[in-house]
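One structure is given here, and the rest of the page talks about it.
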Amino acid sequence: MNEQILVNVTPQETRVAIIQHGAVQELHIERSSTRGIVGNVYLGRVVRVLPGMQSAFVDIGLERAAFLHVADLWEHRAYNHHQSKTGSQQPPPIEKMVFEGQTIVVQVSKDPLGTKGARLTTQISLAGRMLVHLPQDPHIGVSQRIEDETEREELRAKLTALLPPDSGGFIIRTHAEEAKDEELVADVNYLKRRWKEVLDQTKKVPAPALVYEDLNMAQRVVRDLVCNDTQSILIDSKETLKNLIAFASTYAPEVTERLKLHSGERPVFELFNVEDELQKALGRRVELKSGGYLIIDQTEALTTIDVNTGGFVGARNFDDTIFKTNLEAAQTIARQLRLRNLGGIIVIDFIDMSNSEHRDAVLLELQRALDRDRARTTVTNFSALGLVEMTRKRTRESLAHLLCEPCPSCQGKGQVKTAQTVAYEIMREIIREAKQFNPREFRILANPAVIDLFLEEEAQHLGMLEEFIGKPITLQVDNLFTQEHYDIILT
């Protein structure tokens with residue numbers, strides 16, 4: 001497969017696009033303002049132990065001391081695990097395990113929020129592409145998302161056979177389901193090197209100090225996104241390229257020769273039409289080449305996709321028109337799910353097809369297109385109502401949630417009241433006010449569209465209202481008001 005990865009770097013954010021067959025398939029964005037510290041490992045110093053709360057505060061070099069609960073001590077977890085097997089006594093309290101002034105290696109499990117400091121754990125875990133390394137724990141675990149028990153046991157046995165003695169514990173991620181032995185070994189070696197670096201760093205620096213920082217977006221490209229089909233990784237920053245070459249030469253030497261600098265006059269995202277695709281990916285409507293279109297609506301509970309023929313009348317009969325539109329829609333839907341990073345439950349309303357062979361062909365085309373997706377997907381057959389239900393694993397925030405916020409005018413509804421509806425609300429409000437108060441006049445402040453309506457189509461009704469309440473009504477435009485926003489001033 002012809003695949004290229006584009007990396008666009010600015011001081012504020014790093015954007016990554018995956019291009020296959022000349023089309024944008026995935027977009028990844030990381031902003032410096034929102035990048036947290038979860039996953040970072042620190043050499044900290046215990047500044048206070050609180051026996052009553054069974055917790056401690058640890059200085060890791062941030063503004064506020066971080067919080068460590070007894071349940072997050074790996075010794076406590078190991079003791080509980082042993083107790084469940086032997087029926088022994090309760091684990092010792094926190095004051096028996098840590099003390100003020102103690103130097104301790106901790107990992108951030110929750111970012112600081114408001115007045116609260118970061119949440120810590122001493123159960124260190126380092127994530128790789130296919131595995132998560134647990135250096136203090138000899139256990140071999142399997143991700144809960146891999147549900148088939150036979151598959152879980154096979155993966156556990158496969159990894160156990162590949163591990164050298166005293167390698168520590170590992171959790172097998174869903175990415176490892178189809179992994180080859182050499183890929184798993186490479187991931188194990190990478191993670192063990194990272195852990196050795198952490199230990200070496202703890203011996204060199206005084207507490208408090210950062211000893212391991214979770215990978216940034218550009219580094220995660222090398223670790224997670226590069227595959228055998230990746231021909232090149234184009235980067236538009238010399239400094240980032242230099243850092244990535246150094247990172248890849250240590251942890252992924254086979255990737256180094258594919259890292260290249262983009263030095264053209266046109267920005268790399270503009271050259272490959274990524275900017276236009278990004279703007280389209282934020283809209284509801286997606287045009288199909290045949291003349292049909294999709295409507296994609298993302299809600300809290302699920303995502304719905306509606307397929308429409310639009311202006312497509314190219315086939316000889318209506319059934320063929322529907323079939324060809326649905327086939328194209330299946331390919332486009334799979335691409336849009338990756339591009340927008342839509343996860344969870346997805347319901348697709350293909351155009352109704354009476355021919356069962358056509359339905360099977362559309363499902364097969366959808367599944368074939370989804371097979372290229374890195375995220376795990378499951379697809380059901382057509383339901384009695386003609387809908388296809390599917391799920392896609394959530395790996396990160398969707399593009400819309402990352403780049404957008406609810407509209408201040410419609411509060412996320414996607415629609416606003418008409419000017420006429422608002423005008424009638426205003427007149428009802430004036431009647432209520434007139435019954436309670438006795439002002440000299442009523443002044444209406446509203447959006448230009450509403451005021452124009454009062455001056456034209458609703459002028460007669462406004463005059464009748466003025467006569468009914470026996471008070472003058474004046475109008476004033478406020479360009480800062482949205483269409484639904486108005487104010488009635490009593491003077």
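For segment 164-176, a tally of residues being of a type outside the set (Gly, Ala, Ser), in a loop (DSSP other than H, G, I, E, B) and buried (at least 16 other Cβ atoms within 10 Å of the Cβ) returns 1. Residues in segment 258-276 that are in contact (Cβ under 8 Å) with a residue 24 or more places away in the chain, open to solvent by less than 50 Å² (accessible area, probe 1.4 Å) and farther than 19 Å from Arg129 by Cβ: His262, Val268, Phe269, Val274. All of (1) closer than 30 Å to Val477 by Cβ; (2) open to solvent by 20 Å² or more (accessible area, probe 1.4 Å); (3) not in a loop (DSSP other than H, G, I, E, B) hold for Asn438 with one exception: (3).
Of the candidates Leu126, Leu155, the single residue that is open to solvent by less than 20 Å² (accessible area, probe 1.4 Å) and either free of Cβ contacts under 8 Å to residues at least 12 places away in the same chain or under 18 Å from Tyr251 (Cα atoms) (or both) is Leu126. Scanning segment 214-273 for residues that are β-branched (Val, Ile, Thr) and over 30 Å from Tyr42 (Cα atoms) returns Thr230, Ile233, Ile235, Val268. Of all residues in segment 277-290, at least one satisfies being open to solvent by 50 Å² or more (accessible area, probe 1.4 Å) and closer than 18 Å to Leu366 by Cα. For segment 5-16, which positions are without any contact (Cβ under 8 Å) to a residue 24 or more places away in the chain and either within 19 Å of the chain's Cα centre (by Cα) or outside any loop (DSSP other than H, G, I, E, B) (or both)? Listed by number, the residues that qualify are Gln12, Glu13. Just for segment 28-51: of the residues that are under 21 Å from Ala209 (Cα atoms) and open to solvent by less than 30 Å² (accessible area, probe 1.4 Å), which one is modelled with the lowest pLDDT? Selected residue: Gly39. Each residue in segment 156-178 was checked for being within 19 Å of Thr378 (Cβ to Cβ) and either in contact with a strand residue (DSSP E or B) (Cβ under 8 Å, 6 or more places away or on another chain) or of a type in the set (S, T, N, Q) (or both), and 3 of them qualify. Beta carbons closer than 7 Å, at least 6 apart along the sequence or on distinct chains, pair a first residue in segment 443-467 that is in a helix (DSSP H, G or I) with a second that is open to solvent by 40 Å² or more (accessible area, probe 1.4 Å) and β-branched (Val, Ile, Thr) for Pro448/Val477; Ile451/Val477. Beta carbons closer than 9 Å, at least 6 apart along the sequence or on distinct chains, pair a first residue in segment 351-363 that is basic (Lys, Arg) with a second that is open to solvent by 70 Å² or more (accessible area, probe 1.4 Å) for Arg359/Asn381. Cβ separations smaller than 7 Å between residues 6+ apart or across chains give the following pairs from segment 17-42 residues that are aromatic (Phe, Trp, Tyr) to residues that are at pLDDT 90 or above and open to solvent by 10 Å² or more (accessible area, probe 1.4 Å): Tyr42/Gly61; Tyr42/Pro208; Tyr42/Ala209; Tyr42/Leu210; Tyr42/Val211. In the condition set (1) within 22 Å of Val38 (Cα to Cα); (2) under 28 Å from the mean Cα position of the chain (by Cα); (3) crowded, with 19+ Cβ neighbours inside 10 Å, Ser143 is compliant with all but (3).
Filtering Val255, Val211, Val222 for residues that are in contact (Cβ under 8 Å) with a residue 40 or more places away in the chain, crowded, with 18+ Cβ neighbours inside 10 Å and on the phi < 0 side of the Ramachandran plot leaves a single hit, Val211. Here is the figure for segment 38-69: residues that are more than 12 Å from Glu100 (Cα to Cα) and of a type in the set (Val, Ile, Thr) total 3.
Residue-wise test of (1) within 19 Å of Val286 (Cα to Cα); (2) over 21 Å from the mean Cα position of the chain (by Cα); (3) exposed (fewer than 13 other Cβ atoms within 10 Å of the Cβ).
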residue	(1), (2), (3)
Val307	yes, yes, no
Gln331	yes, yes, no
Leu342	yes, no, no
Asp349	yes, yes, no
Val362	yes, yes, no
Arg376	no, no, no
Thr391	no, no, no
Pro406	no, no, yes
Gly414	yes, yes, yes
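Per the conditions (1) free of Cβ contacts under 8 Å to residues at least 40 places away in the same chain; (2) of a type in the set (Asp, Glu); (3) in a helix (DSSP H, G or I), the sole criterion not satisfied by Glu429 is (1). Selection of segment 195-208 for residues being open to solvent by 20 Å² or more (accessible area, probe 1.4 Å) and either closer than 30 Å to Arg374 by Cβ or touching an Asp or Glu at 6+ places or on another chain (Cβ under 7 Å) (or both) yields Trp195, Lys196, Glu197, Pro208. For Arg394, the requirement of being modelled with pLDDT under 90 and not in a helix (DSSP H, G or I) is met.
Scan segment 105-123 for residues that are free of Cβ contacts under 8 Å to residues at least 40 places away in the same chain and either closer than 18 Å to Asp59 by Cβ or not in a strand (DSSP E or B) (or both) and the total you get is 1. For segment 268-277, the criterion of being within 24 Å of the chain's Cα centre (by Cα) and outside any helix (DSSP H, G or I) is satisfied by at least one residue.
The values are calculated or read from the model by the stated rules, or taken from the named source; none is laboratory data. Because the structure is a prediction, the values reported are computed rather than measured. So basically every Cβ, Gly included, is an ideal-geometry build from the backbone, and we count neighbours across all protein chains shown. Note: accessible area is taken over every heavy atom of the protein model, side chains too, but ligands, DNA and RNA are not part of it. Shrake-Rupley method; radii C 1.70, N 1.55, O 1.52, S 1.80 Å.
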